[in-house]
Amino acid sequence: MKKLTALILLIALLSCVLPFNSVAADSAKIYLSLGDSIAAGYGLKNKSNDSYPNLLAKNLSHELRDFAVDGADSADLLKQLSNPDKNLSSALQAASVITVNIGLNNFANAFEDLSPDIDTESMGDYPQQQIDPKLISAYISEYFKPGVKEYDDMIKALNKACEKFKSDIDKIAGILAKNKTAKIVFLTVYNPYKDYEKIIKPIYDTAETYINKINNIIKETCASNKFIIADVQPAVKKSTKKVLNASVLTFNTDPHPNVAGHKLIYKTVANSLGKSIYFSDINNDAQTAKYADDLHEAGIMFAVAASANNAQKKEFSPKAEVNNSDFAVFMVRTLKLKIKDSDVSGVKLPFSDIDKIPNYALNSVKACYKAGLYNKLYPGADGRTYAFGPQKSVSRTNAASITSKYIDKSKWLDNNLNASGGITRAETAKILWLILN
């Protein structure tokens, strides 16, 4: 009888658990990805691991609903949203995050159909390294100028494409705005001819002009609807890595991002949502997320502890204050000062507590002193000694004094300096980022 009672209780327990799990699955947060072949992960060998929507879904712990379509422009997206199938309609209503990557095909369809092809045969059978960039630029320049029919037709088509894009985006925004709770993110369009800038500048410049027009439309739409901007254009432009497939030297016109490009787009979108891609304790803070991630990639600031909640990430501790020793290390990394023993062997620090400076920071402190970063704080020439305070939080006044010559004064936006207060790692990240940029 006891065994039967136990069995009944177990069945009753399972009957309660199973429906609960089913509800939990149904209530999983939804991330809806809309757009063109970039969002669809075109050309990637492992889309589920490398495409930016898949990377973002994992970061957010959301279920990805991917409705991106290869070759789509704004008219295609508007048509898709205006008459959604059952699955898309459900995703539009349930999504807590929606990203929209559209616009490149609006530009490319008008640009590539009418722009003149490069006649590679007329350049002869020379090795790529022997091709004179000036000759290529001069060749293209004969086409890319007012008065040439192909150029004039292309400009008309591009202007028309921008007008159509504006009309479509306004309607797309109206449909998406019906979801009152979702975070809606529009990605700006990058210039696919980044690699052409130095060799075939007329193509790059024309593309830049009209991509900027498209991006201005996107930004205006987001501003009026209180959507989020993920500004991909400058991120791609500034990147020193090979992030796009297009290459002028191999005459590759494929505009899609490679694996590194998708990671860059993912980081840009995640940061716009206030999420770091490296640190688990930065949330709902877009600026700090961007600064911390950029500085991590630059080898300047790293994690302070392992994450208790995420084995893939570590903790940045944005609210922790930075001490004088660590600030010296950060400044050395940012300014790329030399810190070998031979570089700082002749430096005599005017500090009474030199013996308390940790070994990992001593040469950095010497390098900062040698570079004149402490001149206003510790002149040293008068023969006096000063307390450096290696473990003491660097004061906001001292941080400002050390970095003032490296940052445009207009960038200091704090209304309350709180002169004697310390600076946090988040605030330090902003300072270092401003120096780099």
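Considering only the range 315-391, give the helices (runs of 4 or more DSSP H) lying wholly within it that have at least 1 residues that are closer than 22 Å to residue 428 by Cα.
324-335, 359-370
Condition first: under 24 Å from the mean Cα position of the chain (by Cα) and under 30 Å from residue 375 (Cβ atoms). Can you find one or more residues in the range 336-349 that meet it?
Among the residues of the range 336-349, at least one is under 24 Å from the mean Cα position of the chain (by Cα) and under 30 Å from residue 375 (Cβ atoms), which makes the answer yes.
In the range 252-282, which residues are modelled with pLDDT under 95, polar (S, T, N, Q) and in contact with a helix residue (DSSP H, G or I) (Cβ under 8 Å, 6 or more places away or on another chain)?
253, the sole residue that qualifies.
From the residues in the range 362-386 that are aliphatic (A, V, I, L, M) and at pLDDT 95 or above, which one is farthest from the chain's Cα centre (by Cα)? If you could, list the steps in order and put the result at the bottom.
Pass one, the range 362-386, residues aliphatic (A, V, I, L, M): 362, 365, 367, 371, 373, 377, 381.
After this cut, where a residue has to be at pLDDT 95 or above as well, the list is 362, 365, 367, 371, 373.
Details: 362: 34, 365: 32, 367: 32, 371: 32, 373: 31 Å.
Per the criteria, the residue is 362.
Please work out if residue 289 is hydrophobic (A, V, I, L, M, F, W, C), open to solvent by 40 Å² or more (accessible area, probe 1.4 Å) and at pLDDT 95 or above.
No, not satisfied.
Kindly provide the set of residues from the range 10-54 that are modelled with pLDDT of 50 or more, assigned to a helix (DSSP H, G or I) and over 22 Å from residue 87 (Cβ atoms), ordered by number.
49, 50
The rows are residues; the columns are (1) over 23 Å from residue 255 (Cα atoms); (2) touching a strand residue (DSSP E or B) at 6+ places or on another chain (Cβ under 7 Å); (3) modelled with pLDDT of 95 or more; (4) of a type in the set (Gly, Ala, Ser).
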residue: 94; (1), (2), (3), (4): yes, yes, yes, yes
residue: 97; (1), (2), (3), (4): yes, yes, yes, no
residue: 100; (1), (2), (3), (4): no, yes, yes, no
residue: 103; (1), (2), (3), (4): no, no, yes, yes
residue: 132; (1), (2), (3), (4): yes, no, no, no
residue: 163; (1), (2), (3), (4): no, no, yes, no
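When you check residue 182 against the structure, is it among the hydrophobic types (A, V, I, L, M, F, W, C) and surrounded by fewer than 20 Cβ atoms within 10 Å (Cβ to Cβ), yes or no?
On the way: among the hydrophobic types (A, V, I, L, M, F, W, C): yes; surrounded by fewer than 20 Cβ atoms within 10 Å (Cβ to Cβ): no.
No; evaluated as a whole, the condition is false for this residue.
What residue, of 268, 240, is of a type in the set (S, T, N, Q) and buried (at least 23 other Cβ atoms within 10 Å of the Cβ)?
268
I need the full set of residues from the range 49-66 which are under 16 Å from the mean Cα position of the chain (by Cα) and among the charged types (D, E, K, R), in order please.
The answer is 50, and nothing else.
Conditions: (1) buried (at least 18 other Cβ atoms within 10 Å of the Cβ); (2) farther than 23 Å from residue 101 by Cα; (3) in contact with a Lys or Arg (Cβ under 9 Å, 6 or more places away or on another chain). Residue 298 meets all but one. Number of the miss?
Unmet condition: (1).
The values are calculated or read from the model by the stated rules, or taken from the named source; none is laboratory data. Everything quoted here is computed from the prediction, not taken from an experiment. Using ideal geometry, Cβ is built from the backbone for each residue, glycine included, and neighbour counts are taken over all protein chains shown. Heads up: the accessible areas ignore ligands, DNA and RNA and are worked out on the full protein's heavy atoms, side chains in. Shrake-Rupley method; radii C 1.70, N 1.55, O 1.52, S 1.80 Å.
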